[in-house]
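A.B. asks: Structure in structure tokens, see below.
The values are calculated or read from the model by the stated rules, or taken from the named source; none is laboratory data. Owing to the predicted nature of the structure, the values given are computational and were not obtained by experimental measurement. We place every Cβ from the backbone using ideal geometry, glycine too, and count neighbours over all the protein chains shown.
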Amino acid sequence: MPAGAQVTNYVATTGNDTNPGTLAAPWRTIQRAASTVGPGTTVLVQPGTYNEKITVNVSGTAAGGFITFFADGAVTVSGAGITGSNLFYLLDRQYVRLIGFELRDNLAVANGSGVRIEGSGDHLEIRNCRIHEIRGTDAMGITVYGTSVTPITNLIIDGNEIYDCEPAMSETLVLNGNVTGFLVTRNYVHDVNNIGIDFIGGEKMSPDPAQDAARNGLVRGNRVARARSNYGGGYGAGIYVDGGRDIVIENNTVTESDLGLEVGAENPGITATNILVRNNVLYRNDKSGLIFGGYDATRGRVQFCQFLNNTLWNNDTLRTGDGEISIQYAGTNVLRNNLIWANAQNRALTASVGSVSNALDYNLWFTDGPTNALTFVQGGSLFTGFASYRTTSQQDLHSLCLPPLLANPTAADFHLATNSPARDAGDPAFVPDVGETDLDGQPRRFGGRVDIGADEVPVAPVLQPPQRQSNGQIIVRLLGDPGVNYELQTSNNLRLWTPLGTNQVLTSTVDFIDTPGPQPLRHYRAIARP
């Protein structure tokens with residue numbers, strides 16, 4: 001077959017594995033395809049239920065292309081009554097995609113998964129699958145174990161829903177060991193009996209200690225709800241970094257879990273480092289909304305991490321005293337531009353004696369109770385009232401303690417009101433990264449300074465009155481926000497707006513030129529674009 005040639009094979013419940021795998025004569029099992037197809041093949045699995053557990057024994061190549069297993073309609077893979085630990089298993093595979101399947105009924109397993117990837121790997125994708133009814137002990141949704149000196153890399157886990165799994169004492173969606181270069185995006189993990197999404201290092205998963213950590217990844221736009229451990233008093237995080245490094249965690253939402261988002265290092269001698277946690281919303285979790293550090297003196301440490309522009313609201317619903325944010329054995333980390341709103345327990349921060357040289361500033365603190373009763377634990381000492389805490393600890397010297405004026409937090413609407421004191425109150429030195437956005441996907445900074453919290457209130461552009469020139473052209477001057485892209489739209493009737501052009505505005509003042517012809521002066525408006 002020529003390099004890059006594309007082939008389509010079919011699997012159907014009416015097929016036979018002795019068939020050629022065509023649309024007219026499909027195979028009966030997915031396993032038949034997973035044992036024989038070559039690079040560049042798309043396996044279209046027709047609607048129905050397939051009672052099997054599949055080991056993918058084939059790989060694509062960079063030259064030949066992916067092998068894609070695609071659910072061509074409502075396709076269920078059920079493991080009911082079938083021996084084996086995993087519904088899909090990939091060992092040392094490359095260029096394989098799994099798209100759109102419902103994976104269920106992996107029952108009475110001990111250490112099994114809906115999808116398990118092990119060994120080494122390159123260009124592996126799991127997209128838009130629904131994984132549930134994974135039952136037993138260590139019964140996980142998606143498991144990626146880098147167990148080789150060659151990494152698992154170029155990994156995408158996107159758009160999946162994972163629920164009704166029993167991962168305890170393991171994790172629902174986990175990357176562990178020699179895994180580097182990954183995207184974990186837009187997944188919805190809920191109603192599981194331990195950690196929701198986890199990135200692990202230091203467990204001797206890889207034979208090379210230097211590479212034994214999930215690293216160099218992006219975790220964006222995931223939702224986690226009701227991830228609660230069924231053992232040890234309940235300390236499962238919705239999203240957890242346990243000894244991982246060099247990971248961006250942004251624009252995620254965690255609620256109703258034991259812990260919201262945790263960065264830690266359970267294994268002695270291991271450091272979680274260079275984790276950037278930004279623009280996340282953490283609310284109504286049972287204990288802390290945000291927690292970082294090794295959990296006791298004998299464990300690992302968290303260093304050189306940043307926690308920026310997150311919104312925390314009414315966490316520690318069990319009133320454990322952990323408060324909105326807990327800092328354990330951790331040092332040289334930055335907590336800045338965060339909006340933290342405690343419940344009537346009034347505990348904002350609990351920073352233990354293991355919290356050393358962490359910098360907190362440009363945050364906004366508030367509580368459902370009296371603001372003068374807001375409590376902070378810093379270095380093991382309790383402070384009542386924001387002023388007392390700030391003066392004694394010398395932390396949060398530029399921070400605020402004011403009502404943040406959120407739109408409707410009880411209905412999970414965490415947008416800032418236009419008159420919120422959080423607007424333009426963040427660190428004046430803050431410069432957003434290229435492509436960084438707020439919780440709505442809007443530019444991370446409008447105006448002179450970044451807003452505090454996960455939401456950025458757009459600055460409405462001002463259009464000066466349009467001026468018709470002698471040649472019939474109309475000049476419209478836009479006064480906008482530096483660094484924001486705008487699209488100018490025009491209309492004759494105020495209802496049918498169409499883009500005038502694709503001008504990208506890089507300065508605060510720019511002229512748009514319209515050539516409408518002899519018709520009357522038109523209406524114009526400008527819209528900010530991410």
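A.B. asks: Step by step: first the residues of segment 156-171, then only those that are buried (at least 24 other Cβ atoms within 10 Å of the Cβ) and without any contact (Cβ under 8 Å) to a residue 40 or more places away in the chain, then the one that is nearest to GLY84 (Cα to Cα). Which residue is that?
C.D. replies: Within segment 156-171, the match that is nearest to GLY84 (Cα to Cα) is PRO167.
A.B. asks: Pick out the one residue from LEU335, LEU318 that is aliphatic (A, V, I, L, M) and assigned to a strand (DSSP E or B).
C.D. replies: None of the others qualify; the one that does is LEU335.
A.B. asks: Applying the selection to segment 170-200, what residues are among the acidic types (Asp, Glu) and within 19 Å of ALA272 (Cα to Cα)?
C.D. replies: Once the filter is applied, which keeps residues that are among the acidic types (Asp, Glu) and within 19 Å of ALA272 (Cα to Cα), segment 170-200 yields GLU171, ASP198.
A.B. asks: For the condition modelled with pLDDT under 95, more than 17 Å from ILE247 (Cα to Cα) and not basic (Lys, Arg), what is the one hit in THR311, THR298?
C.D. replies: On the way: THR311 fails: modelled with pLDDT under 95.
None of the others qualify; the one that does is THR298.
A.B. asks: Then there is this: If a residue counts only when it is among the hydroxyl-bearing types (Ser, Thr, Tyr) and crowded, with 18+ Cβ neighbours inside 10 Å, which strands (runs of 3 or more DSSP E) contained entirely in segment 40-130 have at least 1 such residues? Even if it seems obvious, please write down each step before you answer.
C.D. replies: Details: elements: 41-45, 48-51, 54-56, 67-71, 75-78, 86-99, 102-127.
It comes to 41-45, 48-51, 67-71, 75-78, 86-99, 102-127.
A.B. asks: Would you tally the residues in segment 45-74 being touching a Gly at 6+ places or on another chain (Cβ under 6 Å) and either charged (D, E, K, R) or at pLDDT below 95 (or both)?
C.D. replies: Of the residues in that region, 1 qualify.
A.B. asks: Oh, and also: Of all strands (runs of 3 or more DSSP E) completely enclosed by segment 354-429, which ones contain at least 1 residues that are in contact (Cβ under 8 Å) with a residue 40 or more places away in the chain?
C.D. replies: By residue number, 359-361, 364-367, 375-378, 406-408, 413-416.
A.B. asks: If you don't mind, there's one more thing I want to ask. Condition first: touching a residue at least 12 places away in the same chain (Cβ under 8 Å) and in a loop (DSSP other than H, G, I, E, B). Now tell me which residues in segment 22-39 satisfy that.
C.D. replies: Those that are touching a residue at least 12 places away in the same chain (Cβ under 8 Å) and in a loop (DSSP other than H, G, I, E, B): THR22, LEU23, PRO26, ARG28, THR29, VAL37, GLY38, PRO39.
A.B. asks: Limited to segment 285-309, what total is found for residues that are small (Gly, Ala, Ser) and farther than 29 Å from ASP440 by Cβ?
C.D. replies: Number satisfying all stated conditions: 4.
A.B. asks: Of the numbered conditions (1) in contact with a strand residue (DSSP E or B) (Cβ under 9 Å, 6 or more places away or on another chain); (2) under 21 Å from GLY221 (Cβ atoms); (3) free of Cβ contacts under 8 Å to residues at least 24 places away in the same chain, VAL434 satisfies every one except a single condition; which is it?
C.D. replies: Condition not satisfied by VAL434: (1).
A.B. asks: Another question, then. Residues THR180, THR150: which one is surrounded by fewer than 22 Cβ atoms within 10 Å (Cβ to Cβ), outside any strand (DSSP E or B) and touching a Ser or Thr at 6+ places or on another chain (Cβ under 7 Å)?
C.D. replies: Going through THR180, THR150 in turn, the sole match is THR150.
A.B. asks: Tell me which residues, restricted to segment 256-286, are surrounded by fewer than 24 Cβ atoms within 10 Å (Cβ to Cβ), over 19 Å from ASN337 (Cα atoms) and in contact with a Leu (Cβ under 8 Å, 6 or more places away or on another chain).
C.D. replies: ASP286
A.B. asks: Could we say that SER35 is closer than 28 Å to HIS132 by Cα and surrounded by 18 or more Cβ atoms within 10 Å (Cβ to Cβ) here?
C.D. replies: no
A.B. asks: ALA454 passes all but one of (1) within 31 Å of the chain's Cα centre (by Cα); (2) at pLDDT below 80; which number fails?
C.D. replies: Unmet for ALA454, out of (1) within 31 Å of the chain's Cα centre (by Cα); (2) at pLDDT below 80: (2).
A.B. asks: I'd like to know if segment 215-227 contains one or more residues that are assigned to a loop (DSSP other than H, G, I, E, B), crowded, with 18+ Cβ neighbours inside 10 Å, in contact (Cβ under 8 Å) with a residue 40 or more places away in the chain and on the phi < 0 side of the Ramachandran plot.
C.D. replies: No - not one qualifying residue is present in segment 215-227.
A.B. asks: Follow-up. If you check GLN469, GLN394, which single one turns out to be touching a strand residue (DSSP E or B) at 6+ places or on another chain (Cβ under 8 Å) and surrounded by fewer than 14 Cβ atoms within 10 Å (Cβ to Cβ)?
C.D. replies: Result of the check over GLN469, GLN394: GLN469.
A.B. asks: If you don't mind, another one. In segment 100-134, how many residues are over 21 Å from HIS190 (Cβ atoms) and of a type in the set (Val, Ile, Thr)?
C.D. replies: Looking only at that region, the number is 1.
A.B. asks: Then there is this: Determine which member of the set ILE117, ILE126, ILE67, ILE142 is within 18 Å of LEU155 (Cα to Cα), free of Cβ contacts under 8 Å to residues at least 40 places away in the same chain, touching a helix residue (DSSP H, G or I) at 6+ places or on another chain (Cβ under 9 Å) and β-branched (Val, Ile, Thr).
C.D. replies: It is ILE67.
A.B. asks: How many residues, within segment 293-346, are buried (at least 18 other Cβ atoms within 10 Å of the Cβ), under 29 Å from ASN408 (Cβ atoms) and out of contact with any Pro (no Cβ under 8 Å at 6 or more places or on another chain)?
C.D. replies: Total meeting the criteria: 21.
A.B. asks: Condition first: on the phi < 0 side of the Ramachandran plot and under 14 Å from the mean Cα position of the chain (by Cα). Now tell me which residues in segment 176-189 satisfy that.
C.D. replies: If we filter segment 176-189 for residues that are on the phi < 0 side of the Ramachandran plot, which is where we start, we get 176, 178-180, 182-185, 187-189.
Result: PHE182, LEU183, VAL184, THR185, ASN187, TYR188, VAL189.
A.B. asks: Only residues that are part of a strand (DSSP E or B) and among the hydroxyl-bearing types (Ser, Thr, Tyr): list them for segment 234-244, please.
C.D. replies: As a first pass, look at segment 234-244 and keep what is part of a strand (DSSP E or B): 237-243.
TYR240 - this is the single residue of segment 234-244 that is part of a strand (DSSP E or B) and among the hydroxyl-bearing types (Ser, Thr, Tyr).
A.B. asks: Restricted to segment 472-505, and to residues that are of a type in the set (Val, Ile, Thr) and farther than 24 Å from GLU436 by Cα, which residue is modelled with the lowest pLDDT?
C.D. replies: Ranking the qualifying residues of segment 472-505, first place goes to THR498.
A.B. asks: Can you confirm whether ASP105 is out of contact with any Lys or Arg (no Cβ under 8 Å at 6 or more places or on another chain), without any contact (Cβ under 8 Å) to a residue 40 or more places away in the chain and either basic (Lys, Arg) or over 19 Å from LEU155 (Cβ atoms) (or both)?
C.D. replies: Spelling it out, ASP105 is indeed out of contact with any Lys or Arg (no Cβ under 8 Å at 6 or more places or on another chain), without any contact (Cβ under 8 Å) to a residue 40 or more places away in the chain and either basic (Lys, Arg) or over 19 Å from LEU155 (Cβ atoms) (or both).
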